[in-house]
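This report refers to the structure that appears directly beneath it.
The values are calculated or read from the model by the stated rules, or taken from the named source; none is laboratory data. Keep in mind that what you see is a predicted model, and the values were worked out from it rather than measured. No Cβ is skipped: glycine too gets one built from the backbone with ideal geometry, and neighbour counts run over all protein chains shown. To get the accessible areas, we keep the full protein, side chains included, count just its heavy atoms, and leave off ligands, DNA and RNA. Shrake-Rupley method; radii C 1.70, N 1.55, O 1.52, S 1.80 Å.
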Amino acid sequence: DIWDTARAIAIEQSTGTWVPVPEETPEVRKKHVAKVVGVFEAPFPEVLAPTDVKERNYIIQIAFPIVNFGQQIPMMLSTVAGNVMCWERIKLLDIRFPKKYVEGFKGPKFGIEGIRKLLGVRDRPLINNMIKPCTGFTPEVGARLAYEAALGGIDMIKDDELLGNPIFNPIKERVPKYMDSIKKADKEKGERTLYTVNVTDEASKVLENAEKAIELGTNAIMINFLTAGISVLRELAEDPSIKVPILAHMDFSGTMYVSPYSGLSSNLILGKLPRLAGADIVVYPAPYGKAPFMKERYIKVAHDLVFPFYHVKRTFPMPSGGITPGMVPEIVNDLGYDIVIGTGGGIHAHPMGATSGGKAFRQAVEAVVKGIPMKEMAKEHEELRVALETLR
């Protein structure tokens with residue numbers, strides 16, 4: 001019986017276990033037991049006998065007392081999505097956070113408005129470039145690639161998620177060289193560029209990496225927040241010594257959301273939770289390039305990053321994964337201007353070089369903002385024309 005199952009889940013994840021125990025008193029249950037709020041069947045058969053329906057699916061709503069876990073994420077998730085998630089065919093679709101819970105979080109330090117103010121860009125989508133190849137190169141090579149991309153008009157340069165603090169390209173050597181290159185490009189192009197250095201590491205080393213990178217001159221940081229830990233992201237965001245924007249990368253998220261019958265929904269993993277933990281930008285898969293991601297889910301993630309959420313600032317959605325200049329109109333049509341467009345090979349694989357790759361993206365963005373058809377824009381801009389012809 002589905003109601004019995006719902007009650008069993010509520011009790012299992014709050015006060016009880018699979019058998020009654022003496023100290024689970026009425027007083028304890030009154031204050032701490034979770035409550036079944038609703039059970040809904042979808043689809044909703046009305047005239048068929050239960051035996052005629054081959055598969056029955058239900059959405060269950062359960063309310064958990066905040067007092068059980070407090071204003072934090074690890075114990076909240078342990079409670080809401082705990083042992084019962086080991087059962088077959090249970091997926092956590094959403095979590096509604098009351099104001100009292102969210103008041104315990106500071107959220108992003110900068111958010112969309114803060115990053116736009118830092119860069120002085122208010123009227124167009126931003127562009128981020130991931131240095132490619134992903135890893136295996138020296139700081140000198142990376143600095144050259146960063147300069148070339150930044151000179152093309154890119155707003156942000158990002159380490160790939162696979163480049164952390166390795167011996168062949170350590171943070172202490174990488175940051176000064178990259179920042180020198182980026183400052184040189186900024187002076188030449190008359191715009192500012194952020195460099196998000198990847199500080200992902202063992203939990204005990206992440207803050208140390210971040211503080212060292214900032215000391216060396218970086219103006220932004222990034223973290224693979226699911227492998228490092230979502231609470232590590234929160235610690236970075238709420239630490240007073242971290243006075244730069246934080247980019248949260250989606251790495252590892254597919255292990256949690258891809259199954260339609262288990263895990264957590266993508267809008268929780270990539271939307272609500274990293275925003276709550278303080279991410280200023282969240283990288284997540286785009287359905288236009290190489291990522292197998294439903295457009296509906298993709299748009300829902302963006303909504304959870306930018307829609308009103310009590311006092312929490314808006315977080316930049318950063319669609320990424322095989323994006324080329326020709327995809328810019330569709331991206332902007334789906335998500336609007338308040339986005340960061342993430343691209344790696346779309347810039348570094350440009351036949352005319354990374355600087356031309358950056359210019360092609362800026363030209364594509366300019367075309368969309370001015371309402372000029374992409375092919376018309378390409379007639380006047382060789383970089384965009386070559387990109388449209390060769391990068392698909």
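Residue by residue, segment 102-117 carries 3J(HN,Hα) couplings of 5, 4, x, 10, 8, x, x, 6, 10, x, 4, 5, x, 5, 4, 5 Hz when phi is fed to the Karplus relation 6.51 cos²θ - 1.76 cosθ + 1.60 (θ = phi - 60°); x denotes Gly or Pro.
Of all the options Glu366, Glu235, Glu27, the one that moves most in a Gaussian network model of the chain with Cα springs shorter than 10 angstrom is Glu27. Of the solvent-accessible surface of segment 329-385, computed with a 1.4 Å probe over protein heavy atoms with every protein chain present, carbon and sulfur atoms account for 47 percent. Here is how the number arises for the chain: DSSP H runs of 4 or more residues each give -39500 (n - 2.57), the sum is divided by the residue count, and the result at 222 nm is -11500 deg cm²/dmol.
Rg over Rh for segment 34-143 works out to 1.18, using Cα positions for both radii and the Kirkwood form for Rh. Counting only DSSP beta bridges whose two residues both lie in the chain, roughly 20 percent are antiparallel. Simple spin-label estimate for Glu23 and Ile2 gives 3.6 nm between the two label positions (7 Å along the Cα-to-Cβ direction from each Cα). Residues whose amide H lies under 5 Å from that of Ile62, counting only those 5 or more places away or on a different chain, are Val37; hydrogens are built 1.01 Å from N in the peptide plane.
Largest GNM mean-square fluctuation among Leu270, Leu163, Leu305, using the chain with Cα springs under 10 Å: Leu163. On the basis of the beta-carbon distance and an R0 of 22 Å, Glu208 and Lys117 show a calculated FRET efficiency of 0.20.
What is the helix-to-structure angle for 354-370, meaning the angle in degrees between its Cα long axis and the longest Cα principal axis of the chain, kept from 0 to 90 and rounded to the nearest 10? That works out to roughly 70 degrees.
Restricting the calculation to Cα atoms, every distinct pair contributes to the Kirkwood radius of segment 29-72, found to be 13.1 Å. A probe of 1.4 angstrom, applied to the heavy atoms of all protein chains, finds His303 with accessible area near 60 square angstrom. What FRET efficiency do you get for Lys172 and Val39 if R0 is 41 Å and r is their Cβ-Cβ distance, rounded to the nearest 0.05? Between Lys172 and Val39 the formula returns 0.15. Compactness ratio for segment 52-210: Cα radius of gyration over 2.2 N^0.38 Å (N = residue count) comes to 1.46. Coordinate range of the alpha-carbon atoms in the chain per principal axis, descending: 72, 50, 36 Å.
What separates the Cα centres of segment 89-105 and segment 162-210 is a distance of 34 Å. Cross-link pairs exceeding 25 Å between alpha carbons, from the set Lys106/Lys183; Lys189/Lys290; Lys158/Lys243; Lys132/Lys177: Lys106/Lys183; Lys189/Lys290. Here is the size of segment 136-191 from its Cα atoms: Rg then Dmax, 11.1, 34 Å.
If I model segment 171-306 as equal point scatterers sitting on the Cα atoms and use the Debye formula, what is log10 I(q)/I(0) at q = 0.18, 0.19, 0.21 Å⁻¹? Values returned for q = 0.18, 0.19, 0.21 Å⁻¹ are -1.00, -1.06, -1.17. Note the angle between two axes, namely the Cα long axis of helix 295-306 and the longest principal axis of the Cα atoms of the chain, as a number of degrees from 0 to 90, rounded to the nearest 10. That helix lies at roughly 90 degrees to the long axis.
Against the longest alpha carbon principal axis of the chain, how many degrees, from 0 to 90 and to the nearest 10, is the axis of helix 2-12 turned? Tilt relative to the chain: about 80 degrees. Each residue of segment 19-36 is assigned a 3J(HN,Hα), and the resulting list reads 10, x, 10, x, 7, 7, 7, x, 5, 5, 5, 4, 8, 10, 6, 6, 10, 6 Hz, derived from the Karplus form 6.51 cos²θ - 1.76 cosθ + 1.60 (θ = phi - 60°), x at Gly and Pro.
Which residue, Asn68, Asn129, Asn169, has the most motion in a Gaussian network model of the chain that connects Cα atoms within less than 10 Å? Of Asn68, Asn129, Asn169, the Gaussian network model singles out Asn68 as fluctuating most.
Computed on segment 1-74, the Cα convex hull volume stands at 132 Å³ per residue. Rounded to the nearest 0.05, the FRET efficiency derived from the C-beta distance between Ile299 and Val53 at R0 = 41 Å is 0.85. Normalised per residue, the accessible area of the chain is 47 Å², obtained with a 1.4 Å probe and no contribution from ligands, DNA or RNA. Give me the percent of Cα-Cα pairs in segment 293-353 that sit more than 18 Å apart, rounded to a whole number. Every Cα pair in segment 293-353 considered, those over 18 Å come to 40 percent.
Here segment 59-173 exposes an accessible surface that is 57 percent carbon and sulfur, computed with a 1.4 Å probe and the other protein chains kept in place. Close amide H pairs (under 5 Å, H built 1.01 Å from N) link Ile127 with Asp155, Met156, Ile341, residues at least 5 positions away or on another chain.
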